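Written below as structure tokens is the structure these notes are about.
The values are calculated or read from the model by the stated rules, or taken from the named source; none is laboratory data. Only a predicted model underlies this, so the values are computations on that prediction, with no experimental measurement involved. As a convention, Cβ positions derive from the backbone with ideal geometry for all residues, glycine included, and neighbour counts pool all protein chains shown.
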Amino acid sequence: MVVRLWEWWRARRTLVDAAFLVPLAFLEFVSAPAVLHDPIHSYNLTLTGYLLLSTALLVPMVWRRRWPRVTFAAVALVSFVQWTMHTQMLIGNTTVLMGLYTVTAYCSFRWSLAALAVTELGVVLETYREWGGALDKMRGPLVAFTAISLGVWVLGLHMRTRRAYLRQLEERADRLEHERDAEIQLARNAERARIAREMHDVVAHNVSVIVVQADGAAYAIETDPGRARQALETISTTGRTALAEMRRLLGVLREESAAGAYAPQPGLAQLDDLVEQVRAAGLPVTLERTGRPAEVSEGRALAVYRIVQEALTNTLKHGGPRASATVTLHYGDDEMTVAVVDDGRGAAAPDDGHGHGLVGMRERAAVYGGVVEAAPRDGGGFAVTARIPVREEART
């Protein structure tokens, strides 16, 4: 609770600076009768003038850390006007030293020298008037006031150097923390990759056992029902094991912060929605389907969807303002063919060298034994054609 209160207090600079002025304002108020009725010094002030002068010296210091140069200039100017009016120094004139410290601690070295020069000029003017220009009498007060000004200036330099050093330490700590997090993430990714490879071997072995047992059960189901039943039990056990290992594999590979990881993946049925989204983005798109739709796995349907999505995204980025595209999906007996053709810039489109879309499309198709061809068209525009087998035995 105390720490939180302290942090809340430190975050409010104006309130802190105002609190620091309370003792100074109290002393100014208490000394008012003595100043106004001083038999030795002539202050040339009425009570109203005293209050106005004290307010002009104290109030700017409330914002001294927000606008250090402005507040120092304000109190220095008020002090100079006070000197021209032949008014003696007040307790409030110590705000000049506060302004000097603030400028030195929060501004550049050049500004700190300027503030020191202004303060020293005020010291010379005040001692000259106070002692009537007598050098032998001025020497002592001048040296004392100059020493005070230099001490305040050196203190401000020290605080500025200390703050810069602490800031460097904080930046270094933040950098080391980021580097440590990056190293931990790299080690975590490496460990995930190793575990994924090991689980891949386990899952592949289990699937191979399932295939062998299923073939054996198919042969023995009529001649030896007991052996077929045993094979089916083995398939059931091995399948559950493979499913559990696959879940672990996906858990290892899934990013910890991935949102919506369990959402249904898009497929061929969502191509119409994709086309509508691209049209809404400003690209005229036509979707055509030919052939007899075949039953395909969800993975193949997802691969086709992503290929079309990436191709249309490339057309949006590089096709130009008046480009249009046509998506053709043909269902064959052994393979699906999807073609995305646009009439945009084609070979004239700029390439920033940062895209990996074509590589990703080829990798998605290669997983299922397919191929992707992408190239500019002779008459202008760009064409992406992907051929993906619809079943394993149709792989090329």
Self-check item: Matching residues in segment 130-153 - criterion: being surrounded by 13 or more Cβ atoms within 10 Å (Cβ to Cβ) and in a helix (DSSP H, G or I)
Solution: Glu130, Lys137, Met138, Pro141, Leu142, Phe145, Thr146, Ile148, Ser149, Leu150, Val152, Trp153
Exercise. Looking for whichever is assigned by TED's automatic domain parsing to the domain that holds Cys107, assigned to a helix (DSSP H, G or I) and either of a type in the set (Gly, Ala, Ser) or more than 30 Å from Asn93 (Cβ to Cβ) (or both) here; the options are Gly122, Gly156. Which one fits?
Key: Gly122
Quiz prompt | Odd one out for Asp38 among (1) modelled with pLDDT of 80 or more; (2) of a type in the set (D, E, K, R); (3) not in a helix (DSSP H, G or I) | solution = (1)
Practice problem: Name the single residue, out of those in segment 380-396 being of a type in the set (Gly, Ala, Ser) and in contact with a helix residue (DSSP H, G or I) (Cβ under 8 Å, 6 or more places away or on another chain), that is modelled with the highest pLDDT. | Solution: Ala386
Quiz item: Among the listed residues Gly299, Gly319, which satisfies the condition of being more than 25 Å from Val390 (Cβ to Cβ), among the small types (Gly, Ala, Ser) and either in contact (Cβ under 8 Å) with a residue 24 or more places away in the chain or not assigned by TED's automatic domain parsing to the domain that holds Arg377 (or both)?
Solution: Gly319
Quiz item: Do the conditions hold for Val252, that is, is it over 22 Å from Arg362 (Cα atoms), at pLDDT below 80 and in contact with a helix residue (DSSP H, G or I) (Cβ under 9 Å, 6 or more places away or on another chain)?
Solution: yes
Quiz item: If Gln265 passes every condition in (1) more than 32 Å from the chain's Cα centre (by Cα); (2) at pLDDT below 85 but one, which one does it miss?
Solution: (1)
Quiz prompt | Selected residue (only one of Ala294, Ala303, Ala323 is assigned to a loop (DSSP other than H, G, I, E, B) and in contact with a Phe, Trp or Tyr (Cβ under 8 Å, 6 or more places away or on another chain)) | solution = Ala294
Exercise. Name every residue in segment 71-88 that is loosely packed, with under 14 Cβ neighbours inside 10 Å and within 17 Å of Val103 (Cα to Cα), in order of residue number.
Key: Leu77
Quiz item: If you go through segment 110-153, how many residues are of a type in the set (Ser, Thr, Tyr) and either over 18 Å from Met98 (Cα atoms) or modelled with pLDDT under 85 (or both)?
Solution: 2
Quiz item: What about Leu97, is it in a helix (DSSP H, G or I), over 21 Å from Ala25 (Cβ atoms) and in the same structural domain as Arg13 (by TED's automatic domain parsing)?
Solution: no
